[in-house]
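Since the structure comes first, as structure tokens, the remarks are kept for the end.
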Amino acid sequence: MANILFIKEVGPFRWAFRTAIRQFYKRIVKRDQKMQLPTGECITLPVSNHFASEVFVTNADVDWGSERLFESLLSQKGVFLDVGAHIGYYSLYMFPRVSAVYSFEPDPRVRVFLETNVGKKPNIEIIPCAVGAIQGRARFTQEAAAELSHLSEEEDKAANQIEVDVVTIDAFVASRKLTVEAIKIDAEGHDTKVIAGSLAVLTKYKPLVLTEAKPDAALFDLTHQVAYRVFAYVRHPHTRKKCFAELFSHIAIPGETKMLFLVPDRLVEEMVSRQTPP
């Protein structure tokens, strides 16, 4: 069912055409595929990586247009922190729009692909650490689908775990004396912990944040602490039509979200002007 909905969203013809090309690389040529992103950088898409296939089939629109809007609001006046960089999709997408990129990726399996994509780029640095609310060491669960790997919960006892270093955004930025313009967070269920460890940076630098966090009470509590507002593309569960809207803690969200924009005062007027009716 999910696959049928994905096909409808991408468009049946475009899905069939781009899936055929992707399968040609995976099954016939059997080599990684290169693709140019909308901001000009080329990314290598590993044939073994499901997320890479989604990037190609959607033509770099995996997050419902969030990535395009996000980059359009950047000004090259600060650095970009890519938390959960994976193969480097967001790192490369935003690279031309910022002064430097720091790509955080704790999973050594996908860091190989990340190195291929950004390792030789000037002003992109790979940080082989997880990001959380407190610094230290933690267990990290390596899922079969690498894009789903995550910091382990206390009760997790799976064998597919490794020990990783954990940093906070606040401590990392302070140690490097960085000026932060934007942050992307995709920490597979731990996004609010990442945000909790970045409140000083949010207060001081007012970066735009794009996160996969759920719009729940914990998130709104954090955004209220730093006077941020929350916007997102919202998809109607039946019509699948998307609108761009501000979200509020006391009003039910009229559909599904994928990525949330956490917006400082300096960008609120711009975001309000981009709202569209449901």
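No value in this document is a laboratory result; all are computed from the given coordinates. Here the structure is a predicted model, which means the values were calculated and not measured. FYI the Cβ positions are ideal-geometry reconstructions off the backbone, even for glycines, and counts take in every protein chain you see.
Here each label is just a point 7 Å from Cα along the line to Cβ, and for K121 and H50 those points are 2.5 nm apart.
Go through the range 1-41 and name the trypsin sites (Lys or Arg not before Pro) that are in a DSSP coil and have 11 or fewer other Cβ atoms within 10 Å of their Cβ. Don't jump to the answer; show the numbers that get you there.
Numbers: sites: K8, R14, R18, R22, K26, R27, K30, R31, K34; in loops: K30, R31.
Those that pass, being in a loop and sparsely packed, are K30, R31.
Among DSSP bridges having both ends in the chain, what percentage is antiparallel? Round to the nearest 5. Walk me through the intermediate numbers first.
Working: 27 of 47 bridges.
Bridges in the chain that DSSP calls antiparallel: roughly 55 percent.
Which FRET efficiency value, to the nearest 0.05, is calculated for S175 and R109 with the Förster distance at 35 angstrom and r the Cβ-Cβ distance? Once rounded, the FRET efficiency stands at 0.85.
If I take R0 = 51 Å and measure r between the Cβ atoms of I134 and C42 in this structure, what FRET efficiency does the formula 1/(1 + (r/R0)^6) give, to the nearest 0.05? Calculated value: 0.85.
By per-residue mean of other Cβ atoms within 10 Å, what is the highest-first order of 78-87, 144-153, 244-253?
Values: 78-87: 26.3, 144-153: 16.2, 244-253: 13.6.
Going by the mean number of other Cβ atoms within 10 Å, highest first, we get 78-87, 144-153, 244-253.
What residues of the range 1-41 lie in the reach of a label at E256, counting those whose backbone N is under 11 Å from a point 7 Å from the Cα along Cα→Cβ? Inside the label zone: 1-7, 9. The length gained on full extension between S75 and Q23, counted as 0.36 nm times the residue separation minus their Cα-Cα distance, comes to 15.0 nm.
Decide, for the chain, between rounded, prolate and oblate: order the square roots of the alpha carbon gyration tensor eigenvalues as a ≥ b ≥ c, take rounded if a/c falls under 1.5, and otherwise choose prolate if a/b is larger than b/c, else oblate. It comes out rounded by the Cα gyration axes.
When every alpha-carbon pair in the range 1-62 is counted, what percent end up more than 14 Å apart? Within the range 1-62, distances greater than 14 Å cover 55 percent of Cα pairs.
Calculated [222 nm] ellipticity per residue, helices only, for the chain: -9000 deg cm²/dmol; basis is -39500 (n - 2.57) per DSSP H run with n ≥ 4, divided by all residues, nearest 500.
Which length gain, in nm to one decimal place, applies between A200 and K8 when the Cα-Cα distance is subtracted from 0.36 nm times their residue separation?
On the way: separation 192, 0.36 × 192 = 69.12 nm, distance 4.21 nm.
Taking A200 through K8 to full extension adds about 64.9 nm, to one decimal.
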